[in-house]
Structures are given as structure tokens and as C-alpha cells.
Amino acid sequence: MKFLPAIYLLIAPLASWALVIPNADTPSFYFVATSPDNSTPRPVRIGPDNLYTTLSGSGTAIQAYFYQGYLTGTLDKSGSPTYHPFLNMTPGEGGSCTTYGQLGYSGLGYSTNKCASFPRLQIQSNSENSQLGAKLTYNYVGGFYSCGPDEMIWYKQNAHDGPQNCSPVDLYTVPVL
């Protein structure tokens, strides 16, 4: 029994190596949502449409990682196919794009919607509690929300933008084990 901690030290680097998608810049991780309304972290999943993210249902969680500075995702450890996160902002009045949109993942990396944004999303370490992982941000402005009975994930630059049946959520990283 006294050798058990030594075995863990030998296995840990091998386990963490196995969690890196081929050619990825970072180990893979999942996103979980926390909110003032619900203290239990909940996994962010792909919804029944296989495109947008949700907190409900039994969809697959995207394994996210960074590749060449861009947030990327996959559904399995092989890293193929890859999915690119986007914000489905839509044309608003006067032809300008809205300041809100659903968070989704596209296998194509582009959209026919001229307002869809494939932003450079960032993760920001929690300076008060590093155990929480890193928080997903977009331009360090606005935030993410869980909206409607399906609890779809939306980005809103301003809380009053877009759908109103929403609760603020923070999306934190947790490692893939």
C-alpha cells in the first residue's frame, strides 16, 4: 500500500498525455455551466438539432481544445471531425447584425448567415478560485445565458438583448478524464 502514491505519480503523465487530441495546443476539456439559480455544475451539450448548445437533454458533450489559438471541438478523442464554435447572430433592423445569438458548433467553419460569428473565444482563469477552471468569454463583454424550457445557451452583449426567458450562466472548463 505504501507504493500506491508512487504508482499514481507514474501513471498521471501517461493519463494526461492520452487526453490531448492529436495536434491540439491544449488538453481537451468540457464546459459546465454554473449559475446563481443552480449551484450544481451542469454539462453543456449539443442539442437535438446537432448544432446548438443546451443544458438539457441527453446530447453529447463537445470535447473542446485550442488549436492554433482558436477554440475547437470534437465529439471523440480522435479529434475528427472538428467543430468550430459560432454565435448565430442574425440580421437586425437596418441590416446590422444583432448583439446576441445562440452558441453552436459547426463542422464546416462557416455559415450562409452573414451575421454568424466565428469569434475568437477566450478562456479566463478564475483569480479567486483556481479549482473552478477557466471561464469562457467573448471579447470580455456581455455573457452567456440559459434560455427557454430547452435551456439553450445564448450569448448576449447586453442582458436585455434577445430572448427574455433567460438566466445568466458562467461556462467553466473541466478536464476530460
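Can you tell which of Ser127, Ser167, Ser146 is assigned to a strand (DSSP E or B) and over 15 Å from the mean Cα position of the chain (by Cα)? Spell out how you get there, then give the answer.
Details: Ser127 fails: assigned to a strand (DSSP E or B); Ser146 fails: over 15 Å from the mean Cα position of the chain (by Cα).
Unique residue meeting the criteria: Ser167.
Looking at the stretch 81-99, which of the residues that are more than 16 Å from the chain's Cα centre (by Cα) and assigned to a strand (DSSP E or B) is surrounded by the fewest Cβ atoms within 10 Å (Cβ to Cβ)?
Pro91
Please enumerate the residues belonging to the stretch 128-177 that are closer than 17 Å to Phe31 by Cα, free of Cβ contacts under 8 Å to residues at least 40 places away in the same chain and surrounded by fewer than 18 Cβ atoms within 10 Å (Cβ to Cβ).
Across the stretch 128-177, the qualifying residues are Asn129, Ser130, Gln131, Ala134, Thr137.
Name every residue in the stretch 24-56 that is closer than 19 Å to Pro168 by Cα, in a loop (DSSP other than H, G, I, E, B), open to solvent by 60 Å² or more (accessible area, probe 1.4 Å) and of a type outside the set (Asp, Glu), in order of residue number.
Pro36, Ser39, Thr40, Pro41
For the stretch 57-80, name all the residues that are open to solvent by less than 60 Å² (accessible area, probe 1.4 Å) and of a type in the set (Phe, Trp, Tyr). Break it down into steps so the answer makes sense when it comes.
Initially, the stretch 57-80 is screened for residues open to solvent by less than 60 Å² (accessible area, probe 1.4 Å), giving 59, 61-66, 69, 71-74, 79.
Of everything in the stretch 57-80, those that are open to solvent by less than 60 Å² (accessible area, probe 1.4 Å) and of a type in the set (Phe, Trp, Tyr) turn out to be Tyr65, Phe66.
Got a number for residues in the stretch 151-177 being in contact with a Phe, Trp or Tyr (Cβ under 6 Å, 6 or more places away or on another chain) and more than 19 Å from Thr34 (Cα to Cα)?
2
The values are calculated or read from the model by the stated rules, or taken from the named source; none is laboratory data. All of these numbers come straight from a predicted model, not from anything done at the bench. Neighbour counts are summed over all protein chains in view; Cβ atoms, including those assigned to glycine, are modelled from backbone coordinates with ideal geometry. Calculation scope for accessible area: heavy atoms of the full protein, side chains included, ligands and nucleic acids excluded. Shrake-Rupley method; radii C 1.70, N 1.55, O 1.52, S 1.80 Å.
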